[in-house]
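First the structure, in the form of structure tokens, and then the observations on it.
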Amino acid sequence: MRALIIGLACVMVAPLAMARAIPNPDQRPAPGNEQQQTPIAQARYSTPVNYQLQCAGCHLDDGEGSRANDTPRMKDFVGHFLKVEGGREFLVRVPGMSQSALSDAQLADLLNWLLREDGMAGKSMPAHYQPYSADEVARLRKVSMLNLPDTRAHLIEQMRALGIPIKDGMGNDTP
Ligand code: HEC
């Protein structure tokens, strides 16, 4: 009989315990957290800060990338994409870029910053570089890339055909 009463009591208390998981509509933010976070597209951080926040987690600070995480090296290499057909579009359409929370203008600035001879792209840059504009980024990022590995492999093949040494750190570097 006692077990039955305890059992019944548990069944009756359970919904109350579960009810605690439902957010309290009167809940207030913790002190010091009252302000909503500014979305990064409106935060007006500098381009290097945008890189730190949106890209460096995978690509690392200096664009070295990480073979273990399938992230190619951009340092001294990424500029070669501009020398092959489809490469300019590819750089905007990779998901880390096109799907980032940055605005079109911020992404254009970020690309133009990466693609500087004194920046990550270094000596891989072509002689005549046409900077990206916000409009171009807007147009390109809307079109998704359906088969990234094949698209990328084809670009790397075109580089090889031009005699460009491959140094993307993905295990197929030219010796
Ligand atoms: C979650 C990890 C991740 C984040 C965050 C990320 N990327 Fe990437 N990025 C990758 C991977 C992995 C690739 C290789 C292609 C692929 O699988 O998407 C890549 C490819 C690229 C490429 C093409 C280079 C090549 O050799 O294929 C560029 C350029 C690039 N990323 C720039 C950026 C920029 C700029 C940002 C920040 C706005 C960014 N990525 C954010 C993981 C990331």
Size of the dipole of the chain about the Cα centre, Lys and Arg at +1 and Asp and Glu at -1 on the beta carbon, nothing else charged, in debye to 20? 480
GNM on the chain, C-alpha springs below 10 Å: top fluctuator among Arg116, Arg152, Arg28? Arg28
Taking amide hydrogens as modeled 1.01 Å from N in the peptide plane, which residues meet the under 5 Å criterion relative to Thr71, leaving out close sequence neighbours? Ser66
Cα centroid of segment 54-83 to Cα centroid of segment 101-117, whole Å: 14
If the convex hull is drawn through the Cα atoms of the chain, its volume per residue in Å³: 219
Aspartates and glutamates within cross-link reach of Lys167: Cα-Cα under 20 Å, excluding same-chain residues under 8 positions apart? Asp61, Asp62, Glu64, Asp70, Asp76, Glu85, Glu117, Asp118, Asp150, Glu157
Enter the angle in degrees (range 0 to 90, nearest 10) between the Cα long axis of helix 148-161 and the first principal axis of the Cα atoms of the chain, meaning the one along which they spread out most. 20
In a Gaussian network model of the chain with springs linking alpha carbons closer than 10 Å, the residue among Pro31, Pro131, Pro165 that fluctuates most is Pro31
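A short reminder: the numbers here are calculations on the coordinates, not readings from a lab. These figures come from a predicted structure and were not determined experimentally. Don't worry about glycine lacking a Cβ; one is built from the backbone with ideal geometry, like all the others, and counts go over all protein chains shown.
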